[in-house]
Amino acid sequence: MVKPVRKAVIPVAGLGTRFLPATKATPKEMLTVVDRPVVQYCVDEAFEAGIEHVIFVTGRGKGLIEDHFDYQYELDSTLRSRGKEAAADKLDAETPGAGQVSFTRQQKPLGLGHAVWCARDIVGDEPFAVLLPDMVMDGEPGCLKQMMDAYEEVGGNIISLQETSPELTHKYGIVSTGEEKGKAFEITGMVEKPAPGTAPSNLYINGRYILQPGLMELLANQSTGAGGEIQLTDAMLTMMETEPFYGVSFNGRTYDCGSKFGFLEANIMLALKHDDVRDEVRELIASLDL
Ligand code: UTP
């Protein structure tokens with residue numbers, strides 16, 4: 001039996017420079033896709049997959065995220081006093097329970113690998129998930145749940161992958177694949193943003209990972225890589241030399257809400273799944289004479 005994955009690390013300490021000026025005072029993870037902040041999609045996905053404890057790695061100016069996942073007493077009592085029980089119950093159900101969320105800080109944005117390492121003491125000696133909140137996933141079941149199902153079969157380290165077209169591989173981290181194993185397949189290598197025509201596959205790393213605790217030690221000794229930051233990919237590549245890594249091809253759609261286009265795309269595509277706005281959005285799109 002594999003050791004269960006109970007904890008998820010969600011790094012939210014980045015500066016979000018691609019979204020300035022929106023992110024001057026608002027964390028990019030709090031930008032709204034339809035009716036919920038980007039980060040809430042990711043927390044819902046984690047709990048749906050059976051995660052018991054979410055660890056946020058925050059930074060300066062990210063206090064709103066902490067407030068968002070708190071119980072809002074005034075809001076709850078106002079909604080209930082106005083007879084909006086259903087809305088209050090919904091908010092209640094979406095708020096993590098006592099002791100299910102931790103916050104730690106990354107004082108300086110030294111890279112994704114460093115952000116994950118900041119959670120080492122809370123993670124402890126057990127496997128853990130990492131979810132990048134700006135990647136919003138649309139799938140049934142959710143992306144992490146699909147990975148968990150594969151993890152139960154193969155264990156080890158698992159990376160979620162999304163298929164893209166060969167013309168776009170130069171924008172992403174791309175993997176090379178080996179043998180199939182149940183719902184997963186071996187990953188034999190990774191390359192960041194390969195030059196056009198050189199990508200080993202059409203599968204890109206879309207921001208969800210299940211990792212064994214040994215990765216934290218590698219991150220501790222990791223020197224800075226691309227952009228002067230401590231990269232998660234570099235530590236994973238080192239770990240790949242001694243430990244099994246598997247890929248799971250995500251059956252669903254990934255929206256990169258850290259980029260303007262991905263964010264707009266997510267808003268349009270997910271609005272088309274919301275009963276209260278779907279028809280109007282459809283009409284709007286149909287009326288466009290481009
Ligand atoms: P990104 O590289 O997409 O985020 O990191 P960024 O640096 O905030 O964005 P831009 O490029 O300046 O617009 C992916 C995730 O990792 C977190 C970010 O908050 C984001 O959720 N991150 C990144 C950290 O927590 N710390 C870091 O040092 C870097």
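Annotations
- In region 198-216, the residues that are assigned to a helix (DSSP H, G or I) and under 25 Å from G178 (Cβ atoms): G214, L215
Yes/no per residue for (1) within 24 Å of E29 (Cα to Cα); (2) modelled with pLDDT of 95 or more:
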site: F245; (1), (2): no, yes
site: T254; (1), (2): yes, yes
site: G258; (1), (2): yes, no
site: A271; (1), (2): yes, yes
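- Residue within region 231-243 that is more than 22 Å from V38 (Cβ to Cβ), under 18 Å from the mean Cα position of the chain (by Cα), assigned to a loop (DSSP other than H, G, I, E, B) and within 13 Å of the ligand (Cβ to nearest atom) present: yes
- Pairs with Cβ under 6 Å, 6+ apart, first in region 75-95 and touching a residue at least 12 places away in the same chain (Cβ under 8 Å), second exposed (fewer than 13 other Cβ atoms within 10 Å of the Cβ): T95/Y71
- Residue match in region 239-250 (condition: among the aliphatic types (A, V, I, L, M), buried (at least 16 other Cβ atoms within 10 Å of the Cβ) and closer than 22 Å to C118 by Cβ): yes
- Hits in region 198-219 (condition: loosely packed, with under 14 Cβ neighbours inside 10 Å and more than 19 Å from P244 (Cα to Cα)): T198
- Scanning region 92-107 for residues that are over 16 Å from I65 (Cβ atoms) and in contact with a helix residue (DSSP H, G or I) (Cβ under 8 Å, 6 or more places away or on another chain) turns up just one, D92.
- Of all residues making up region 50-62, the number that are crowded, with 18+ Cβ neighbours inside 10 Å and within 12 Å of the ligand (Cβ to nearest atom): 6
- Residues of region 8-46 classified as surrounded by fewer than 19 Cβ atoms within 10 Å (Cβ to Cβ) and of a type outside the set (A, V, I, L, M), total: 10
- Given (1) acidic (D, E); (2) touching a residue at least 12 places away in the same chain (Cβ under 8 Å); (3) farther than 30 Å from K3 by Cβ, number of the condition D125 does not satisfy: (3)
- None of Q222, Q231 is surrounded by 21 or more Cβ atoms within 10 Å (Cβ to Cβ) and modelled with pLDDT under 95 except Q231.
- Of the residues examined, A220 is not one that is aliphatic (A, V, I, L, M) and within 25 Å of C257 (Cβ to Cβ).
- Filtered residues of region 1-48 (kept if away from the ligand (no atom under 12 Å from the Cβ) and touching a Cys at 6+ places or on another chain (Cβ under 8 Å)): V33, E45
- Looking only at region 73-119, and only at residues there that are modelled with pLDDT under 95 and basic (K, R), the one that is nearest to F56 (Cα to Cα): K108
- Of the criteria (1) without any contact (Cβ under 8 Å) to a residue 40 or more places away in the chain; (2) in contact with a Lys or Arg (Cβ under 6 Å, 6 or more places away or on another chain); (3) closer than 24 Å to P4 by Cβ; (4) not small (G, A, S), which one H53 fails: (1)
- Per-region count, region 153-183, residues outside any loop (DSSP other than H, G, I, E, B), more than 29 Å from T32 (Cα to Cα) and either modelled with pLDDT under 95 or out of contact with any helix residue (DSSP H, G or I) (no Cβ under 8 Å at 6 or more places or on another chain) (or both): 11
- Count - residues of region 251-282 that are buried (at least 19 other Cβ atoms within 10 Å of the Cβ) and either without any contact (Cβ under 8 Å) to a residue 60 or more places away in the chain or of a type in the set (S, T, Y) (or both): 2
- Tally, over region 244-275, of residues that are of a type in the set (F, W, Y) and away from the ligand (no atom under 14 Å from the Cβ): 3
The values are calculated or read from the model by the stated rules, or taken from the named source; none is laboratory data. All values derive from a computational prediction rather than experimental measurement. Every residue, glycine among them, receives a Cβ derived from its backbone with ideal geometry; neighbour counts consider all protein chains shown.
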